[in-house]
Amino acid sequence: MTKRYGQLTALNDVGFSIRPGEILGLIGPNGSGKTTLFECMAGVLAPTAGCLLFQGGPLSPHSRRRTLFYLPDAVTPWPAQTVRWALDFAIGFLGGRRDRLDAVIERLALAPLLASAIGALSKGQRKRVLLAIGLLTAQPLLLADEPFEGLDLRQSRDVAAALRDHAAGGRTLFLSIHQIVDAARICDRFVLLSGGKVCGEGTLAELTELARAANAATAGNLEEVFLALT
């Protein structure tokens, strides 16, 4: 997939695979093209070239709506509505899973916030509500842009555990993550993105071998591997 804005190439022939039931992490610094990639995958932006393939064939716009749900970062949906209203909307209008509702509220500690207006929430509280909406949707693939942004250490660990449990139930997660420590804690595999290009794809062990093959000294942690390959 390629995306250009005039003379600027935001994504340059980006290609990788997403495997069913995994948590795949998209890792890269600010400005590397992570959000642009997610928006092209979700159909928010039209790519200059390239497309999504699903089970061997191109993914049509109609099939994309049934296959993936995109959860953007830094948005405040329905600011005048309550958290309860938003969760009910995700179930009723977005075709979400009501059987997940109680568990999602409990895992993300949302019970005290249900009567609060979304616009009155703190950044961390709003992030947990957005994640709840994403976890309630029924599409098999969830794209979440910066799911740990605005969360403190304890909240990040709790959210990571909730996402791992969610994936264990059969959902595939593709997470764009800026903080490498958060990515290392939760992801099964990684796509390393820098300057709009994929610099590596695989498990930590596979990326470590790739870095060593490039004659880069690394202790095998994700941070050093990313720096070696980018």
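Being touching a Leu at 6+ places or on another chain (Cβ under 8 Å), of a type outside the set (Phe, Trp, Tyr) and under 26 Å from residue 122 (Cα atoms) is the filter here, so list the residues in segment 50-75 that pass it.
Across segment 50-75, the qualifying residues are 71, 75.
Quick check on residue 35: is it polar (S, T, N, Q), more than 20 Å from residue 198 (Cα to Cα) and under 17 Å from the mean Cα position of the chain (by Cα)?
No.
Cβ-Cβ distance below 6 Å, separation of 6 or more or different chains: which pairs start in segment 202-230 with a residue that is under 14 Å from residue 184 (Cβ atoms) and among the polar types (S, T, N, Q) and end on one that is at pLDDT below 90 and surrounded by fewer than 17 Cβ atoms within 10 Å (Cβ to Cβ)?
Taking only residues 6 or more apart or on different chains, the pairs are 208/220; 218/224.
Go through segment 172-192 and count every residue that is within 13 Å of residue 207 (Cβ to Cβ) and not in a loop (DSSP other than H, G, I, E, B).
7
Identify, from the list 222, 192, the residue that is closer than 22 Å to residue 32 by Cβ and in contact with a Cys (Cβ under 6 Å, 6 or more places away or on another chain).
Testing whether each residue is closer than 22 Å to residue 32 by Cβ and in contact with a Cys (Cβ under 6 Å, 6 or more places away or on another chain) leaves just 192.
Working carefully through the options 91, 23, 27, find the one that is among the β-branched types (Val, Ile, Thr), touching a Cys at 6+ places or on another chain (Cβ under 6 Å) and surrounded by 18 or more Cβ atoms within 10 Å (Cβ to Cβ).
Details: 91 fails: touching a Cys at 6+ places or on another chain (Cβ under 6 Å); 27 fails: touching a Cys at 6+ places or on another chain (Cβ under 6 Å).
Residue meeting the stated conditions: 23.
Considering each of 130, 151, 135, 113 in turn, give the residue that is within 20 Å of residue 27 (Cβ to Cβ), out of contact with any Phe, Trp or Tyr (no Cβ under 7 Å at 6 or more places or on another chain) and crowded, with 20+ Cβ neighbours inside 10 Å.
151 is the lone residue from the list that is within 20 Å of residue 27 (Cβ to Cβ), out of contact with any Phe, Trp or Tyr (no Cβ under 7 Å at 6 or more places or on another chain) and crowded, with 20+ Cβ neighbours inside 10 Å.
The rows are residues; the columns are (1) over 20 Å from the mean Cα position of the chain (by Cα); (2) closer than 27 Å to residue 9 by Cβ.
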| position | (1), (2) |
| --- | --- |
| 48 | yes, yes |
| 53 | no, yes |
| 87 | no, no |
| 97 | no, no |
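Being surrounded by 20 or more Cβ atoms within 10 Å (Cβ to Cβ), free of Cβ contacts under 8 Å to residues at least 40 places away in the same chain, within 15 Å of residue 229 (Cα to Cα) and among the β-branched types (Val, Ile, Thr), is that true of even one residue in segment 175-196?
No, segment 175-196 contains no residue that is surrounded by 20 or more Cβ atoms within 10 Å (Cβ to Cβ), free of Cβ contacts under 8 Å to residues at least 40 places away in the same chain, within 15 Å of residue 229 (Cα to Cα) and among the β-branched types (Val, Ile, Thr).
The values are calculated or read from the model by the stated rules, or taken from the named source; none is laboratory data. All values reported here derive from a predicted model rather than from experimental measurement. Here Cβ is always computed from backbone atoms with ideal geometry, including for glycine, and neighbour counts include all displayed protein chains.
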